[in-house]
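Structure first, then comments.
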Amino acid sequence: MTDSSAQTTVTDPTQEVERICRDLIRIDSSNYGDGSGPGERACAEYVMEQLTEVGLDPFYAESEDKRANVSVRVEGSDRERPALVVHGHLDVVPADGGDWSVDPFSAEVKDGCIWGRGAVDMKDMDAMILANLRHLARTGTKPPRDVVFTFFADEEAGGVKGSSWMVDHHPELFEGASEAISEVGGYSVTIPRKDTGDQVRAYLLQTAEKGIAWLRLTAHGRAGHGSVPNDDNAIVHLAQAIERINAHKWPRTYIASVRELLDGLSSVTGTGYTDEDASELLEHIGGARGFVLGTLQDTSSFTMLDSGYKHNVIPQTASATLDCRYLPGHEDELMDTIRALAGDRVEVSVHHRDTALEAPFGSDLVDRMADALQAEDPGSLLLPYCLSAGTDNKALSRLGITGYGFAPLRLPADLDFVGMFHGIDERIPVDSLEFGTRVLQRLLATC
Ligand SMILES: [Zn+2]
């Protein structure tokens with residue numbers, strides 16, 4: 001090409017990532033989980049416009065009214081190789097503007113950050129993906145292998161109308177794909193180096209995520225008048241089961257991803273940990289500690305209670321909901337434990353369950369991620385970690401696709417990034433967004 005500098009000016013994806021991120025935040029795609037929100041249609045139509053403008057012909061599908069998904073495959077130079085899926089979700093959790101210091105849908109830029117709902121979860125990564133995809137299309141650049149770029153609906157309500165629906169109804173879009181990247185990982189934490197005390201950035205690659213078991217406990221008893229002594233009270237049976245489950249100490253187990261994270265942090269910082277206690281070590285990773293604490297063992301938390309209808313009537317049933325999260329391979333053990341603790345007066349039923357995932361930290365793709373980060377942030381580290389929650393990678397795993405959380409962001413040491421997931425005053429530094437766009441660009445060129 002004769003005028004490469006002009007071409008670079010036009011097509012550099014970092015130059016439009018801020019605009020795209022702000023555009024996406026301004027489109028309210030709140031997911032209330034009950035079908036009442038605006039849906040993802042407006043957001044998905046925006047994505048379609050951005051893609052058709054650069055000559056792409058994306059696939060668009062609504063699982064139900066306004067619940068929109070978009071996908072487009074970019075052919076790679078070696079079509080024999082298995083494809084890579086790069087995906088993001090278009091919905092966000094709702095925001096109560098009264099709690100925020102800015103309008104959560106204004107995408108205001110102040111203090112070097114873009115503020116708004118979705119700025120970290122995950123319209124930031126959506127924008128990084130879109131800017132890079134537009135760049136590939138405009139320049140006719142082929143990645144080394146096919147890349148399937150997909151934007152899902154409904155992640156914030158479990159993906160039933162998004163990733164899960166797409167995998168069930170349009171598996172052909174992902175044909176031949178072996179790996180995927182998306183949220184929640186790739187962001188930096190700043191840790192002290194032992195001896196020197198220098199600060200070093202460690203990027204946390206999400207290589208695992210816990211499984212979900214949302215259970216309902218229902219106790220049955222004998223109904224009757226509140227004035228008559230009753231030794232078969234459903235509320236009491238339920239309360240006793242709750243007490244037993246709550247008192248249970250889930251055994252600490254470090255899966256490979258967690259063990260490698262702890263070992264990595266320990267060797268850099270010089271702080272030790274034991275099979276029982278990693279608290280001092282985890283102090284080093286600031287807010288990310290919250291994500292990690294839930295991955296040191298299985299967990300169970302009571303979230304809702306329901307029983308009775310009148311002050312002087314002993315009800316026949318009482319129920320509670322329990323949110324259990326299990327480590328890979330622990331599902332049967334967790335269910336057996338809960339059933340045993342619930343006892344024979346309380347029935348345990350499954351409301352929703354989804355699989356736990358663990359991907360290898362040693363793979364070519366992980367090496368390419370490390371290379372891309374090293375090129376943009378020399379001297380940094382890449383460490384694996386397990387996410388205590390779930391992502392759209394669960395649905396893709398049903399097609400045999402190995403998923404990683406890699407939305408690369410170099411973050412200021414004092415920013416509580418993890419605390420902003422679903423939190424108030426969600427914001428992303430523009431500089432971090434541009435950094436991530438460059439890392440993703442390198443990864444797409446070498447994947
Ligand atoms: Zn998300």
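State whether the residues of the range 369-389 include one that is in contact with an Asp or Glu (Cβ under 9 Å, 6 or more places away or on another chain), among the small types (Gly, Ala, Ser) and within 16 Å of the ligand (Cβ to nearest atom).
Yes, the conditions are met somewhere in the range 369-389.
Results for (1) surrounded by fewer than 24 Cβ atoms within 10 Å (Cβ to Cβ); (2) assigned by TED's automatic domain parsing to the domain that holds Glu16; (3) over 25 Å from Ala372 (Cα atoms); (4) not hydrophobic (A, V, I, L, M, F, W, C), shown as yes or no for each residue.
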| position | (1), (2), (3), (4) |
| --- | --- |
| Met125 | no, yes, no, no |
| Met128 | no, yes, no, no |
| His135 | yes, yes, no, yes |
| Arg145 | yes, yes, no, yes |
| Thr150 | no, yes, no, yes |
| His169 | yes, yes, yes, yes |
| Gln199 | yes, no, no, yes |
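Give me the strands (runs of 3 or more DSSP E) completely within the range 323-421, filtered to those with at least 3 residues that are surrounded by fewer than 20 Cβ atoms within 10 Å (Cβ to Cβ), ordered by residue number.
Output list reads 346-354.
Can you name the strands (runs of 3 or more DSSP E) wholly within the range 30-112 that have at least 3 residues being within 16 Å of the ligand (Cβ to nearest atom) and closer than 28 Å to Gly176 by Cβ?
Fully inside the range 30-112 and qualifying: 83-89.
For the range 261-289, give me each residue that is over 19 Å from Arg410 (Cα atoms), in a helix (DSSP H, G or I) and touching a residue at least 60 places away in the same chain (Cβ under 8 Å). If you could, list the steps in order and put the result at the bottom.
So in the range 261-289, the residues over 19 Å from Arg410 (Cα atoms) come out as 262-263, 266-267, 269-283.
Of the ones still in play, those that are also in a helix (DSSP H, G or I) are 262-263, 266-267, 269, 279-283.
Listed by number, the list holds a single entry, Thr269.
Of all residues being surrounded by fewer than 22 Cβ atoms within 10 Å (Cβ to Cβ) and assigned to a loop (DSSP other than H, G, I, E, B) in the range 180-194, which is nearest to the ligand (Cβ to nearest atom)? Just the residue, please.
Arg193
With Ile191, Ile235, Ile255 as the choices, which residue is more than 30 Å from Asp336 (Cα to Cα) and either outside the structural domain of Thr437 (by TED's automatic domain parsing) or not basic (Lys, Arg) (or both)?
On the way: Ile235 fails: more than 30 Å from Asp336 (Cα to Cα); Ile255 fails: more than 30 Å from Asp336 (Cα to Cα).
Being more than 30 Å from Asp336 (Cα to Cα) and either outside the structural domain of Thr437 (by TED's automatic domain parsing) or not basic (Lys, Arg) (or both) holds for just one of Ile191, Ile235, Ile255, which is Ile191.
Mind telling me which of the residues Ala157, Ala177 ends up being among the hydrophobic types (A, V, I, L, M, F, W, C), within 16 Å of the ligand (Cβ to nearest atom) and closer than 30 Å to Leu56 by Cα?
On the way: Ala177 fails: within 16 Å of the ligand (Cβ to nearest atom).
The unique qualifying residue is Ala157.
The values are calculated or read from the model by the stated rules, or taken from the named source; none is laboratory data. Given the structure is predicted, the values throughout are model-derived calculations rather than measurements. Heads up, the Cβs are rebuilt from the backbone with ideal geometry, glycines too, and the neighbour counts pull from every protein chain shown.
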